[in-house]
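Participant: Got a structure for you, written out below as structure tokens; questions coming shortly.
Please treat every number below as a calculation from the coordinates, not as lab data. For clarity, every value in this text was computed on a predicted model and none was experimentally measured. Positions of Cβ are backbone-derived with ideal geometry, glycine not excepted, and every protein chain shown enters the neighbour counts.
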Ligand SMILES: Nc1ncnc2c1ncn2[C@@H]1O[C@H](COP(=O)(O)OP(=O)(O)OP(=O)(O)O)[C@@H](O)[C@H]1O
Ligand SMILES: [Mg+2]
């Protein structure tokens, strides 16, 4: 067991940290050696981000110590942590949108020296990119970047400071499987050159794939540390939750509506550059059915959702909801007719929730935009909020708590709960379990099944093919805005769906199917 015996590069001992009444970390510890990838696992709100924020010098612990190379080093600021070789990429990014990648990366370097040589900086950045296999367009402005590229900028920024310990807080929550593979090969290179990586992720398959050891937190305390090659998703879940829970996703049988709830015909859209984003798309979803949408990112899923929601115009085609055309209607009217929308945004605080407001007021906010007027009774919001907190297991001291102070996953539960509470006839839902722990994810699948049983039609845009195959009644596969095929998940393997996603059609012939 070489990994367990080598002396740690960093170690945290007896760390405690409270936020008012909330004990986020309660006598917690962990260690990571050079050349090791440690996964940090735990339910939403179990204290992972808090612990890593302490290691990165963002929070001061109430008690306990941090050791680097065996020496006690308690950091009073991120600068101290960086100087000791520890850097973190956060769950919510901290880049300056109006600045370019290289400016962000070199920001704060040189203690405010005015004349930094930009050519030198850029060359150093290019070296790092090459060394670790990361691509960023150095001159591009942050606001022009997709989220995966922003994250790469954050990573390069940390590596640029020469850290030996890289902390990543849910880096894969915003990545496609392909992007995750690229990230993981970068992490393996870090490991090869003797650096330590601590990665937070809720995806157990990723933990099994990338980490050497796993430290599990439960309700702010250590629940155990195990060697990855000797554990299983089942054991990890049990450590995390404290009891065995079923990881099986059921496909519920439900009665289908006679008429389709949603019927899309000939839907086409070109983007500003003139490329076809949606190309004569046609499909339907019935009540009592979950239609999955599979596709690599940027295959038209987002635009499809936005068109149905009334947020974007189509060039041609029709979208009928319960027999009536809804293209051209306003988002508000579309919502009022009974279409629920839930896009889990890449930046959870960026969409639909106001961080500085309480949970209850954020729930009310949804009622305002439903047009119920501003003079709503606040106790109603409070009650609804309490219902949501209860049913979705939002971990919070009260519904008056500011959303900003919730853990990442709990923010998301509020967002999702607020949408499902309106009991839509058609639910368009994209990536609902991003950032949710395994128990909460299973709860979302149960909720979707519940809505389906009550006759709702569900269009489910997902990225995890295993989940799509277990949950959905049919899966339509998009590639570059074209519907490649609609498959029966009971009879179609992951590989076949994967090939369709890449634009390969299976050969047609008597023996092909
Ligand atoms: N700045 C803060 N102010 C008040 N409470 C906080 C703050 N940061 C975290 N907390 C609370 O501390 C607890 C632990 O939060 P933390 O963000 O560390 O959880 P997490 O394990 O990272 O969860 P997730 O998987 O959802 O990101 C939660 O109950 C959270 O509400
Ligand atoms: Mg977190």
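Participant: Would you calculate the separation in nanometres between label points at residue 219 and residue 504, each defined as 7 Å from the Cα along the Cα-to-beta-carbon direction?
Facilitator: 4.9 nm
Participant: Which of the peptides 166-172, 99-105 is most tightly packed, and how do the rest follow, going by the mean number of other Cβ atoms within 10 Å of each residue?
Facilitator: 166-172, 99-105
Participant: Can you tell me how much longer the chain between residue 398 and residue 365 gets when fully stretched, taken as 0.36 nm per residue apart minus their C-alpha distance, in nm with one decimal?
Facilitator: Computed gain between residue 398 and residue 365 is 10.1 nm.
Participant: Can you tell me the order of 270-280, 190-200 when each peptide is scored by its average per-residue count of other Cβ atoms within 10 angstrom, highest first?
Facilitator: 190-200, 270-280
Participant: Any chance you could run the full-extension gain for residue 76 through residue 315? It's 0.36 nm times the residue separation minus the Cα-Cα distance, nm to one decimal.
Facilitator: Length gained, residue 76 through residue 315: 80.5 nm.
Participant: Can I ask one more? Taking the 0 to 90 degree range and rounding to the nearest ten, how far is the long axis of helix 147-160 tilted relative to the main principal axis of the chain, both from C-alpha atoms?
Facilitator: Between the helix axis and the principal axis of the chain, the angle is about 0 degrees.
Participant: What nm value, rounded to one decimal, do you get for the distance between residue 330 and residue 235 when each label is placed 7 Å out toward the C-beta?
Facilitator: 5.8 nm
Participant: What is the mean projected area of the alpha carbon convex hull for the chain, to one decimal in square nanometres?
Facilitator: That works out to 26.3 nm².
Participant: Which whole-number percentage describes the relative contact order of the chain, with Cα contacts under 8 Å and a sequence gap of 6 or more?
Facilitator: Worked out over the chain, it gives 15 percent.
Participant: To the nearest 10 degrees, how steeply does helix 177-192 sit against the main Cα axis of the chain, on a 0 to 90 scale?
Facilitator: 10 degrees
Participant: Report, in deg cm²/dmol and to the nearest 500, the calculated mean residue ellipticity at 222 nm for the chain, where each DSSP H run with n ≥ 4 adds -39500 (n - 2.57) and the sum is divided by the residue count.
Facilitator: Calculated mean residue ellipticity at 222 nm is -9500 deg cm²/dmol.
Participant: Can you figure out the FRET efficiency of residue 337 with residue 259, using R₀ = 22 Å and their beta-carbon distance, to the nearest 0.05?
Facilitator: Given R0 = 22 Å and the Cβ-Cβ separation, E is 0.90.
Participant: Using alpha carbons only, how many degrees (0 to 90, rounded to 10) separate the axis of helix 118-132 from the longest principal axis of the chain?
Facilitator: 80 degrees
Participant: I've got another one for you. Modelling each spin label as a point 7 Å along the Cα-to-Cβ direction, I'd like the residue 280/residue 354 distance in nm, to one decimal.
Facilitator: About 4.7 nm separates the two model spin labels.
Participant: Evaluate E = 1/(1 + (r/R0)^6) for residue 391 and residue 192, where r is the Cβ-Cβ distance and R0 equals 60 Å; express this FRET efficiency to the nearest 0.05.
Facilitator: 0.85
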